[in-house]
Amino acid sequence: MVPIANGLTGRLDELTDDLVGRIVDEIEIYREPGVVPRAELRRSVRSNLEYMLHRLAHGRRLELLAPRSTGRERAGQGAPLPEVLRAFRLGSAFLWQRLLDSARASGQCSLDALLTVATDIWAMADDYSTALTESYRAAVGEAMILADRRRSALVAALLNGPSDENHTAWEIAKLLDMPYDGSFLVVVAETPELGRPALPGLEERLRALDVASAWRTGPEHEIVILSYGRRRTDEVRSLIAKFASARVGMSPPYSRLDRTPRALRFAKIAVETFESDATGVRQLPDTPMAELVMGNLDTTRRFVRRVLGRVLTLADDDRSTLITTAEAWLNARSSAAEAGRVLYCHENTVRYRMRRLEERLDGDLDDPATVAELAAALQAIRTFPELGARLTPGPFEDANDR
């Protein structure tokens, strides 16, 4: 085998040109401009032929540098793996045919020697194919990880807002292949447990509906920026609810990507103030009260308890009745008759309930300041229903009774 392999090595440039021509003729991807340049293909073919002939001539198992290099290069060039392996099979068949022709030309002894090592030659080809495939897949995996990291970093830059080191929101939109102006939502989904996705299967479904999404995954939440085009907000919300496996907060719609940090605040507060054992989607309204409460939820909670503390200690039905009546009375501009029509009860019933409410306030309902505080507290509860949850009677109620 040594003379045959050495003889073919002496014709390496000729063999390289022949094999390159065959690959280009038979495999379309190698004819496409900008995928694998012809000079690069020739260099690779020569290197791999030289590697295989050297191994046949010297009988030593060499490091599979040539096939591994080819695999990484083709992955980086975006050549499909099946086509790369097809080129390899062409090369293996081509080399075998040249070895067979040379052995026949050299006589029966050379032919017998070649047939004796034929199994080894095809085992070598299998090693080559495995090395190329593993290298290609490793390179693709690394590229995907790098792309995911870069995309995640871009999403983080949008969520965190501009800084001197970041791209502008407009630049990030281009890099994420999203419009800068459009219809957007931010979704914050709680992960049910570490390592489990919060919204399994949603990304594929969104893609099928032509809804662009950009994701950032953390140990406790998945955050998604959605560009939903002409689809309705309630349609998107219903879709997300179908995939929710725990609590999900959704921002109000917004129209420019540079407003993403504000939308994130809405979505985070929505999920944080959702019932702890809930599964589904909660979306806060984009109202002045919602934004005011989000600025300091603890301060708002203290305010609500100061205004309505003794109302919130009532039993559920009683508490709900007084709060609902107060809302109707305020919406009716203090008209008991109008509030009664809304509540389907007599106006005297409204007056009775409002007197009971007034007894538990720190002021008279004839006082505009008291009415203003009541209205603000009720709006806060309407925005964040958990602020209206029942309080256990205790020192707080005693302090208000004194």
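Brief remarks on what is shown
- Every helix of 4 or more DSSP H residues in the chain counts as -39500 (n - 2.57), and over all residues that averages to -21000 deg cm²/dmol at 222 nm.
- Each of 77, 128, 64 was scored by the projection of its Cα onto the charge dipole of region 63-130, and the greatest displacement toward the positive side belongs to 77; charges sit on the C-beta of Lys, Arg, Asp and Glu.
- If you take all other residues with their beta carbon under 14 Å from the beta carbon of residue 261, and give Lys and Arg +1 and Asp and Glu -1, the sum is +4.
- Sorting the Cα pairs of region 2-143 by distance into bins of 5 Å, from 0 upward, gives 2, 10, 20, 23, 20, 13, 8, 4, 1, 0, 0 percent per bin.
- Helix axis angle, 118-160 relative to the chain longest principal axis, alpha carbon, degrees: 30
- Taking every alpha-carbon pair under 8 Å whose residues sit at least 6 apart, the chain reaches a relative contact order of 11 percent.
- If you bin all the Cα-Cα distances of the chain at 20 Å, starting from zero, the percentages per bin are 20, 30, 23, 14, 10, 3.
- In region 303-372, the chymotrypsin sites (Phe, Trp or Tyr not before Pro) that fall in loop regions by DSSP, at most 13 other Cβ within 10 Å: 344
- Taking the Cα centre of the chain as reference, the dipole from Cβ charges on Lys and Arg (+1) and Asp and Glu (-1) amounts to some 380 debye.
Values quoted throughout were computed directly from the atomic coordinates according to the rules given, and no laboratory measurement underlies them. This structure is a prediction, so every number in the text was calculated from the model and none was measured. Heads up, the Cβs are rebuilt from the backbone with ideal geometry, glycines too, and the neighbour counts pull from every protein chain shown.
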